[in-house]
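Values quoted throughout were computed directly from the atomic coordinates according to the rules given, and no laboratory measurement underlies them. Every value quoted in this text rests on a predicted model; they were computed, and no experiment measured them.
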Amino acid sequence: MTQEQAASLIKAYVNKVYSWMALSMLVTAGTAIYTTGSDELLTWCYSHSLLLIIGTLACILIMAFMRNTLTAGALSIIFLTFSAMWGLILGPVLTLYTTQSLGLTFACTAGMFGAMALYGATTKRNLSGLGRTLFMLLIGLIIAAIANAFFGNSTADLIISGFGVVIFALYTAYDTQRLIAEGTWLTDPDQRAKGAIMGAVSLYLNFLNLFLYLLRFLGAARD
């Protein structure tokens with residue numbers, strides 16, 4: 001494979017990944033905005049938030065462990081369902097903050113995500129070794145968040161949020177480099193289609209978590 005052919009394969013694959021990511025974010029944003037406009041739907045989402053969270057976890061597990069048996073079409077349907085569920089989860093959350101602070105948080109998230117994605121795409125440093133370390137840090141972050149949910153310490157919450165921003169910023173660079181490498185060696189059309197969807201899932205989760213953690217610092221409560 002020539003350098004030009006490899007670059008073409010990577011560009012096509014990364015474009016497909018970001019197309020799926022953009023579509024999923026539009027689904028999430030549209031669902032969240034629609035939810036905020038309906039008091040009945042807001043009440044339902046708030047009352048069934050645990051069920052929605054379990055539903056998103058189920059979607060992730062199905063996509064992760066059944067990737068090889070599911071078709072690309074089935075994966076895409078599950079991914080978009082997952083995105084819509086997150087819109088239902090975010091709807092009640094968005095009503096707590098001012099529009100200006102939400103816009104500022106989104107802009108900061110997009111800037112940080114873009115900067116880390118650019119770093120992952122251009123750095124000569126091999127980031128593959130970060131994978132295991134970031135996973136262990138993520139497990140620690142989840143445990144700390146669950147523990148603090150019982151104590152409700154606001155200082156600890158800010159510290160946890162700070163670590164969350166760092167972890168998912170690094171995950172963005174790591175996943176970007178991983179997807180560029182994947183775009184080179186993944187040549188089977190079906191596997192490329194599935195890989196693009198799963199790559200979009202990874203980047204979507206990085207962006208979503210960056211937004212939620214930054215919202216702890218930048219979000220201004222409504223009167």
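Volume per residue, Å³, of the convex hull around the alpha-carbon atoms of the range 131-199? Don't skip to the end; give the middle numbers.
Values: hull volume 6.1 nm³, N = 69.
Cα convex hull per residue, to the nearest whole number: 88 Å³.
As I understand it, the value is the acute angle between the Cα axis of helix 3-36 and the longest principal axis of the Cα atoms of the chain; what does it come to in degrees, rounded to 10?
In the chain, helix 3-36 runs at an angle near 20 degrees to the longest axis.
Extent of the range 11-93 along each principal axis, from alpha carbon coordinates, in Å, largest to smallest?
Principal extents (largest minus smallest coordinate, Cα): 42, 25, 16 Å.
Using 0.36 nm times the number of residues separating Ala7 and Ile142, minus their current alpha carbon distance, what extension gain do you get? Can you show the working numbers first?
Details: separation 135, 0.36 × 135 = 48.60 nm, distance 3.75 nm.
The span from Ala7 to Ile142 would gain 44.9 nm if fully extended.
Based on alpha-carbon positions alone, could you give the equivalent ellipsoid semi-axes of the range 80-163 from the gyration tensor, as √(5λ), descending, whole Å? Could you put the intermediate results ahead of the total?
Numbers: eigenvalues 133, 91, 43 Å².
The three semi-axes for the range 80-163 are 26, 21, 15 Å.
Can you tell me what the convex hull of the Cα atoms of the range 96-222 projects to on average, as an area in nm²?
Values: hull surface 35.9 nm².
Mean orientational projected area (the range 96-222, Cα hull): 9.0 nm².
In whole Å, what is the distance between the alpha-carbon centres of the range 61-85 and the range 97-159?
Centre-to-centre (Cα) distance: 24 Å.
Go ahead and estimate [θ] at 222 nm for the chain from helices alone: -39,500 (n - 2.57) per DSSP H run with n ≥ 4, summed, over the residue count, rounded to 500.
Details: 8 runs with 191 residues, N = 223.
Dividing the helical sum by the residues of the chain leaves -30000 deg cm²/dmol.
If Rh is defined by the Kirkwood formula over all Cα pairs and Rg also comes from Cα, what ratio Rg/Rh do you get for the range 11-155? Please list the in-between numbers first.
Working: Rg = 17.7 Å, Rh = 17.9 Å.
Result: Rg/Rh = 0.99.
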